[in-house]
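One structure below.
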Amino acid sequence: MRERVLRREQVLDVPVEEAFAFFSRAENLEAITPPLLRFRIVTPEPVEMGTGTLIRYRLRLHGLPVSWLTRIEEWDPPHAFVDRQLRGPYALWHHTHSFEPLDGGARTRMTDLVRYAHRLGPLGTIVERLVVRRDLDRIFDFRRDSIPGLLARGAAA
């Protein structure tokens with residue numbers, strides 16, 4: 001299993017507490033996921049976030065139904081949290097969300113650091129180049145583009 005890393009940074013025009021509040025609401029994940037994935041949280045709402053929280057999702061990857069279960073491994077409001085896939089499409093999915101105050105607290109640098117690996121063995125390198133990384137880039141591009149508007153509309157409340 002070859003581990004790969006995806007790192008994205010984005011500056012948000014809200015204080016760190018507001019940015020963290022937005023991401024600490026599991027239901028906001030649906031709003032920042034491309035509609036094509038038909039992403040839905042299966043865990044009954046409201047999801048009380050904290051260390052040990054389990055969240056079940058359903059989505060479609062290239063038309064195929066996928067069930068996904070993650071656990072919040074670390075919870076450090078308003079600075080960071082980590083979710084790890086327990087069951088799902090990846091052999092490894094470890095996602096660290098970090099929030100750093102900027103400009104005297106008026107803005108926030110949000111960093112996503114995803115360590116992942118697929119289950120495809122030797123074929124995986126080809127699939128990684130042709131499909132997996134492209135899909136992840138599109139998902140995180142969609143997030144980058146949708147988050148500022150959602151924050152401006154007060155979706156964190």
Return yes or no: is R115 touching a residue at least 60 places away in the same chain (Cβ under 8 Å) and either in contact with a Gly (Cβ under 6 Å, 6 or more places away or on another chain) or farther than 17 Å from I32 by Cβ (or both)? yes
Failed condition for L150, given (1) modelled with pLDDT of 90 or more; (2) out of contact with any helix residue (DSSP H, G or I) (no Cβ under 7 Å at 6 or more places or on another chain), with all others met? (2)
Do you know which residues across the range 90-114 are farther than 17 Å from G52 by Cβ, hydroxyl-bearing (S, T, Y) and in a strand (DSSP E or B)? S98, T108, T111
If I go through the range 108-132 residue by residue, how many of them are surrounded by 14 or more Cβ atoms within 10 Å (Cβ to Cβ), among the charged types (D, E, K, R) and modelled with pLDDT under 85? 1
Verdict on F99 being among the aromatic types (F, W, Y) and either under 15 Å from A19 (Cα atoms) or surrounded by fewer than 15 Cβ atoms within 10 Å (Cβ to Cβ) (or both): yes
Within the range 48-77, restricting to residues that are touching a Phe, Trp or Tyr at 6+ places or on another chain (Cβ under 9 Å) and among the charged types (D, E, K, R), the one that is modelled with the lowest pLDDT is R60
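The values are calculated or read from the model by the stated rules, or taken from the named source; none is laboratory data. None of the values given here were measured: they were computed from a predicted structure. Quick reminder, even Gly has a Cβ in these numbers, built from the backbone with ideal geometry, and neighbours come from all protein chains shown.
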